[in-house]
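Comments concern the structure below.
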Amino acid sequence: MIEVENLTQVFGDKVAVDDLSFTVGSGTVTGLLGPNGAGKSTTMRMIVGLDHPVKGSVRVNGADFRNSSRPLRDLGALLDPAALHPGRSGRMHLRAIAATNGIPSSRVDEVLRLTGMTDAAARRVGTYSLGMRQRIGIAAALLGDPQTLVLDEPVNGLDPDGVHWVRELVTSLAADGRTVLVSSHLMSEMALTADHLIVMGRGRLIAQGPVADVIARATQADVLVRTPQAQSLATALAGIGATTRPTGDGGLIVTNTTAPQIGELAATHLIPLYELTPQQGSLEEAFLTLTKDDQEYASGVPVEKTDGRTR
Amino acid sequence: MTATSPALSTQEPRVSFGGTFASEWLKARSLRSTWWLGASAVISMALITAFWTVAGPQPTEQNVLDAVAKGFGACEILIILIGTLIATADYENHAITVFLAAVPRRTPLVLAKVLLSAIIGLAVAGLATALAFPISVALHGGGASFTDPAVLRVLGEIILFGACVSVIATSVGLVFRSTIATIGVTLGFLYLVPILISFIPLDIFTLVSDTFPGNAATNFFGTTADPSRLDPISGLIATLAWTTAWVVFAAAWIKRRNA
């Protein structure tokens, strides 16, 4: 379990993390989301004890990780896949980490096998691709068979097979009763992997909870309806406060009501329905809605060129 | 690849100073630069010692030791570089974050680096001196003997000074994190700062200037002492005191600072 209480971090005159509090429970995969500059990595660094907060506290498995006598058993972390000396082999890097906690070389071989890096382990890290560095970073995080894992963008640079493997791995680790905190910019990946979400913006907590709840709170639940009497249904729906808009292909998007209410209303008015489909917003829509006022580096709108192309 | 993580089959892993030192040794020996710089330090001291026999070819004890001392000048620079890299090799690619996460109390990591630096400094300076001294004696055609206690004192202090400059460089590296900055600050601390301090026309500053290792070690290198400098024993105490101060400062700095 990770417990973050009133965590605050300041760099110069910039408040990177602002009075942040959340709990990451065991047995679930918790996704940490936020736009660039939201303070995700800074928060993770404070959880791992690399940065000292100016205010607040972090407890990992109920204790201050900075005083842990079995750190690799308590917490495995992947924060920066580039944090490797290019002149050292992957195996030697892992052996050096393992030695600090008295973990034998046989465990290094185990995690190399687990991450598919056995064949490349003797090569110098400088020859590795980003994906291979990610795998070595994940191997390092797993060395101590940790109770808690903190993984910052673990699928960056991985091929589809690697992405699938990370998804399966974190899910199985959580199913094993461990605490797993993962950050990612890939919303589709988070939607598939995470059970819970913590959404940050400008260093503050914006939303947290089960994925479905966060999406439901941030997006409008629409219902797609197809009927040969669209005008009659629209009039009836307006009577109960719902709004409709045409889809362009003969359908209606209905908001401010639910599919059962639409079905009952259509039955009352003897209007036949060909389709009645609730439409849940996506995690990406929820993310954009939640963080629209907290984008540190908001992208500009593409400028239309005279020849019709954007630039 | 498998998507499930096998459990650690051995006893509970625990962080320890011995394990952290073993880790630092694995890291140092797995880098080719450690071996190249160590070998270069030994060979360069031997070569420069040989060249300096030309400047004082008479087979006197002073000439033999002078040539060894001149050779140590080159060796010292390379030892400073090795000591620097023991600290900065982890910082220049952020690998330090991985090792600080594995040793979150931090002080054992600092002390392991310092101990390794001292041992490597001793070993390199010891090997280099053990090779350079016989070369100097042979090329001079005699003039000094290993069995002479005064000669042994000089050679011993040269080796200890090698360990001290290595430890100082490692400590400075932990504070400044950059290789170039560390070499500059270490050389500045050893040789430039004491000169600047000595320009202040007050006795206390002259005394402080004399305690800086670059000045305090002046009488390490000969059997006849320069009376304007600290005697060899006082010089050794001053050098060890400054080295300890750097280690304490680096440990406190690393403990307090963000990684």
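Worth pointing out:
- FRET efficiency, residue A:249 to residue A:212 (Cβ-Cβ, R0 45 Å, nearest 0.05): 0.95
- Helix B:61-91 axis versus longest C-alpha principal axis of chain B: approximately 20°, rounded to the nearest ten.
- Label zone of residue A:8 (point 7 Å out along Cα→Cβ, amide N under 17 Å): in the range A:183-217 this covers A:202-205.
- Within 10 Å of the Cβ of each residue in A:161-169, the mean number of Cβ atoms contributed by other protein chains is 2.
- Counts of other chain beta carbons within 10 angstrom of each beta carbon in peptide A:103-116 average 3.
- Cα-projected label distance for residue B:51 with residue B:196, points at 7 Å along beta-carbon direction, nm: 3.0 nm
- Against the main long axis of the alpha-carbon atoms of chain B, helix B:149-176 sits at an angle near 40°.
- Over all other residues within a Cβ to Cβ distance under 11 Å of residue A:158, the charged ones net out to -1, with Lys and Arg as +1 and Asp and Glu as -1.
- Exposure rule at most 12 other beta-carbon atoms within 10 Å, DSSP loop chymotrypsin sites (Phe, Trp or Tyr not before Pro): chain A longest free segment: A:1-273
- Computed FRET value (nearest 0.05) for residue B:256 with residue B:233, which takes r as the C-beta separation and R₀ as 45 Å: 0.80
- Computed from the alpha carbon atoms alone, the convex hull of the range B:99-143 holds 53 Å³ per residue.
- Between residue A:176 and residue B:225, the simple label model (points 7 Å from Cα in the Cβ direction) yields a spacing of 6.4 nm.
- Within the protein assembly as shown, the percentage of alpha carbon pairs spaced more than 37 angstrom apart rounds to 50%.
- Across chain A the C-alpha pair distances fall into 10 Å bins from zero in the proportions 6, 22, 25, 20, 14, 9, 4, 1 percent.
- For chain B, the longest principal axis of the C-alpha atoms and the axis of helix B:32-52 are separated by about 0°.
- Relative to one another, the C-alpha centroids of the range A:165-222 and the range A:118-146 are positioned 25 Å apart.
- Inter-centroid distance (Cα atoms) of the range B:186-253 relative to the range A:240-284, Å: 85 Å
- Mean separation of Cα contacts under 8 Å (6+ apart) over length of chain B, as relative contact order %: 22 percent
- Pairwise label distance in nanometres, residue B:205 with residue A:292, each label 7 Å out on the Cα-Cβ vector: 6.6 nm
- Kirkwood Rh in Å, taken over all unlike Cα pairs in the range B:31-256: 18.0 Å
- Relative contact order (%) - chain A, alpha-carbon pairs under 8 angstrom, separation at least six: 21 percent
- Over all other residues within a Cβ to Cβ distance under 14 Å of residue B:235, the charged ones net out to -2, with Lys and Arg as +1 and Asp and Glu as -1.
- Contact order, relative form, for the range B:1-111: 31 percent (alpha carbon pairs under 8 Å, 6 or more residues apart, mean separation divided by residue count).
- The lysines within cross-link reach of residue A:292, meaning a Cα-to-Cα straight distance under 22 Å and a gap of 8 or more places when in the same chain, are A:14, A:40.
- Those trypsin sites (Lys or Arg not before Pro) in the range A:115-203 that DSSP places in a loop and that have at most 14 other beta carbons within 10 Å: A:123
The numbers here are math on the coordinates, done by the rules we state, and not lab data. All values reported here derive from a predicted model rather than from experimental measurement. For neighbour counting, all protein chains shown are included, and Cβ atoms are generated from backbone atoms with ideal geometry for every residue, glycine included.
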